[in-house]
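The values are calculated or read from the model by the stated rules, or taken from the named source; none is laboratory data. Here the structure is a predicted model, which means the values were calculated and not measured. All Cβ positions, even for glycine, are placed from backbone atoms using ideal geometry, and neighbour counts span all protein chains on display.
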């Protein structure tokens, strides 16, 4: 298999300290680290970085199975060197494969093809892209949508600097980034659906969805984020912001899968028809006049479920407001004793913070 490589030599006031902090941090992101007498080796998702210090100079050699993997480890190493070196951060210049890339390899432009409301507060926008196959995997369901700032005539797209980090032609005009789920992916037509919640207190994402027109072009980075893993029994929980992800996962489960799915919405008008073959009991939770993020409907629902006994492979996926996220995660880890591989609980938004 072809390997792609890049290297850089930098000067650091305390090279061993900076490299040590970088590697310790990457251990939190499932990296593997080997520390030798004269070198440190870091492995992460099909790529590796080797650090060799000679006095104040550090030689960094990167290797990866693809240009995209090389780009990611190059970006991770450079950004964390800058972070941990602080005021003495060096200028990092990479040489080798991938240094001629103008745009990030996971950057694409989508064109709006259709727009419709599927409930009073959920708008589906259908986009077209040239390589929809890269978005099929259930391992990564999300993309970062680039919402251009009001009044920007010439769209701002991300470029790669010589240090491997994203840069912008006009930084003050850089787009707002908002994470969304790819609801459906059709590789035959190249059409991809993304569902947007139309919030009353509209932020950049909701505003974009309300103003989008057929023919518009939007940029995005992805896919990324945790997705579905194989299990015998599932528990899904989420509000309307997580509904697209839960719906897509339900539709791909085999008939043998068992479990529960709890979805919190405002009222019955926000119910969507979900078509799936798995033996999952679907429960719609209505908060009524209460504001989103102010109830305990989801944590209470998760606590109400009887988990299967030992010998059953369990997986819990939840996406919701920060307070509910914290409550659900604490329960799963504390009382249910679920391991890291058995659950993924994420905060999609936080009350009082503009994240939509």
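Annotations
- Identity of the residue in segment 175-203, farther than 21 Å from residue 149 by Cβ and out of contact with any strand residue (DSSP E or B) (no Cβ under 9 Å at 6 or more places or on another chain), that ends up surrounded by the most Cβ atoms within 10 Å (Cβ to Cβ): 187
- Candidates 265, 302, 316: the one that is modelled with pLDDT of 95 or more and farther than 23 Å from residue 184 by Cα is 302.
- Some residue of segment 323-333 being at pLDDT below 95, under 25 Å from residue 178 (Cβ atoms), buried (at least 16 other Cβ atoms within 10 Å of the Cβ) and not assigned by TED's automatic domain parsing to the domain that holds residue 138: no
- For segment 331-345, the set of residues classified as without any contact (Cβ under 8 Å) to a residue 12 or more places away in the chain and touching a strand residue (DSSP E or B) at 6+ places or on another chain (Cβ under 9 Å) consists of 333 only.
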